[in-house]
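Following: one structure in structure tokens, then a few remarks.
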Amino acid sequence: MNNSPYQLDDSALTLPISQSARITAQQFANQQPNSEKAEQVRLNTLAVWVVNDYLEMMDIPTDLQASDSWNPIMRLCGNVADLEMPSIGRLECRPVHLHQQICSIPPETWEERVGYLVVQFDESFQEARLLGFIPSVATETLPLAQLQPLEAFIDHLDQLGQSPVSPIVDLSQWFAGIFETGWQTIESLWNVPELRPTYAFRSADTVELNALNQPESITKRAKLIDLGIQILNQPVMLIVEISPEKDEQTSIHLQLHATGNHIYLPPGVHLTVLDSSGTVFLNAQSRRLDNYIQLQFRGEPREQFSVKVAINDTSITEHFRI
């Protein structure tokens, strides 16, 4: 997939705006407390409706009613233009006016989105143009020249359909003892005979299994990562350890371990941390005779990152929010 900028006129798609769309957008706008908010909601609603029409043309399922943009409370409290896509996630549909070169992306839409489509309107509101797509954002302003063509958007959806986006793990809840499904204590996983490693933890820099020796502020959980029986024939274990810092940051320590009869990780297993834009932040790769690999970093409250475990062309990604 080509991520280089393209000329917007090359592949922008023009679609009619139906009378039903205009009526619904005006109804939603009339519910707002002032004219500025009303115009915001009207444009957002039209953008979502146009994208919904486009996806219906492409036989891609959507669910308007499940979208925050169709929720009166969410419309009032936020600047959202999302469209729920069952089994895929939420797509953000951001409106721009004719001749604008920058699209505004509110921070409240940076989370839990599978991508962003930009919809351009002229003064008549008879037609709209789908200008292009970007998979993720990390700033409030998006230059339109950075958009990828709609073909890249369809490719992106195909990839997501094959590997559905996993839910975001809220690490702040871990300190309160609330854990997402699949994240277990290290001891409970090691107690499964098939998973118990054949090597002993004797090095000071490996994971400490005795919870009594851990400060109360440190929280750990582990999850099994299955990269395919044909590749590893045994799941690997991802361990996430978090602890608060004095400056309100959180220290995060990741380890990836072999399990069961596999004393060592296969050479070439990658443990990668990606920032909120999908850019590689840290990476570790297993070598021969590595029974685990690890990474450590710090993050700010509400900051998002992803952890990718990969070997060859197979990968699993977990998404986190601090």
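So here's what we get for this one:
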| item | result |
| --- | --- |
| Restricting region 97-142 to residues that are on the phi > 0 side of the Ramachandran plot and in contact with a Gly (Cβ under 9 Å, 6 or more places away or on another chain), the residue that is surrounded by the most Cβ atoms within 10 Å (Cβ to Cβ) | G115 |
| Search result, residues across region 22-44 that are crowded, with 17+ Cβ neighbours inside 10 Å, more than 18 Å from S104 (Cβ to Cβ) and out of contact with any helix residue (DSSP H, G or I) (no Cβ under 8 Å at 6 or more places or on another chain) | none |
| Residue list for region 77-99, filter: out of contact with any Asp or Glu (no Cβ under 6 Å at 6 or more places or on another chain) and modelled with pLDDT under 90 | C77, M85, S87, I88, G89, H99 |
| Scope region 12-32; condition touching a residue at least 40 places away in the same chain (Cβ under 8 Å), out of contact with any Pro (no Cβ under 7 Å at 6 or more places or on another chain) and over 14 Å from A128 (Cα atoms); matching residues | F28, Q32 |
| Subset of region 275-308 [in contact with a His (Cβ under 9 Å, 6 or more places away or on another chain) and among the aliphatic types (A, V, I, L, M)] | A284, I293, L295, V307 |
| Hits in region 101-123 (condition: of a type in the set (S, T, N, Q) and either within 30 Å of H319 (Cα to Cα) or modelled with pLDDT under 90 (or both)) | S104, T109 |
| Qualifying position, being within 30 Å of G115 (Cα to Cα) and among the hydroxyl-bearing types (S, T, Y), among S315, S243 | S315 |
| Single residue of I102, I134 found to be farther than 25 Å from E56 by Cα, touching a residue at least 12 places away in the same chain (Cβ under 8 Å) and among the β-branched types (V, I, T) | I102 |
| Number of positions in region 55-84 that are in contact with a Leu (Cβ under 6 Å, 6 or more places away or on another chain) and not β-branched (V, I, T) | 3 |
| Listing of strands (runs of 3 or more DSSP E) fully contained in region 235-322 that carry 2 or more residues being surrounded by fewer than 15 Cβ atoms within 10 Å (Cβ to Cβ) | 280-285, 292-299, 314-321 |
| Residue check, L55 under 19 Å from Q148 (Cβ atoms), in a strand (DSSP E or B), among the aliphatic types (A, V, I, L, M) and at pLDDT below 95 | no |
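For every residue, the table says whether it meets (1) in contact (Cβ under 8 Å) with a residue 24 or more places away in the chain; (2) within 22 Å of D275 (Cα to Cα); (3) hydrophobic (A, V, I, L, M, F, W, C).
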| site | (1), (2), (3) |
| --- | --- |
| I88 | yes, yes, yes |
| V96 | yes, no, yes |
| G115 | yes, yes, no |
| F121 | yes, no, yes |
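The values are calculated or read from the model by the stated rules, or taken from the named source; none is laboratory data. No experiment lies behind these values; they were computed from the predicted model shown. So basically every Cβ, Gly included, is an ideal-geometry build from the backbone, and we count neighbours across all protein chains shown.
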